[in-house]
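The values are calculated or read from the model by the stated rules, or taken from the named source; none is laboratory data. Computed from a predicted structure; not experimentally measured. Don't worry about glycine lacking a Cβ; one is built from the backbone with ideal geometry, like all the others, and counts go over all protein chains shown.
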Amino acid sequence: MLFVVLLILFVAFPIIGLTAGALISTFIVGLFIGALGRLVIPGRQRISLLATFFAGLIGAIVGGYIGDRVLYVGGFATTLLEIGVSALVVAAFSSRRQVRVSRLR
């Protein structure tokens, strides 16, 4: 298993242009932006760490695109947009989870 992971990290990703550092930084940014998005939403969110990561990743990609390519704003405003989009995704994940739990009862 370790051999497969190392093969992917050091052979497959460099061939397609991704480095292990880029993947690790994307993971860290996704978790950080997702955590900030969770802090923006009031109350308790019952979503997993994986859902928080995906919310942060989606927020970073979509908010970054809107800030850089659509609105042409600076770095700080783009970061705020990333956190805002992430908060929206966290709210969507959280409300979806609550609806599913209430249906089970």
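How about the stretch 13-46: which of its residues are more than 21 Å from Leu81 (Cβ to Cβ) and either touching a Cys at 6+ places or on another chain (Cβ under 8 Å) or at pLDDT 75 or above (or both)? Can you show your working first?
As a first pass, look at the stretch 13-46 and keep what is more than 21 Å from Leu81 (Cβ to Cβ): 13-24, 43-44, 46.
Gly43, Arg44, Arg46, listed by residue number.
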Hits in the stretch 58-98 - residues which are of a type in the set (S, T, N, Q) and touching a residue at least 40 places away in the same chain (Cβ under 8 Å): Ser86, Ser94, Gln98
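On the basis of being among the basic types (Lys, Arg) and either modelled with pLDDT of 80 or more or assigned to a helix (DSSP H, G or I) (or both), does Arg103 make the cut?
Values: among the basic types (Lys, Arg): yes; either modelled with pLDDT of 80 or more or assigned to a helix (DSSP H, G or I) (or both): yes.
Yes.
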Any hit, the stretch 36-47, residues being in contact with a helix residue (DSSP H, G or I) (Cβ under 6 Å, 6 or more places away or on another chain), surrounded by 17 or more Cβ atoms within 10 Å (Cβ to Cβ) and of a type in the set (Lys, Arg): yes
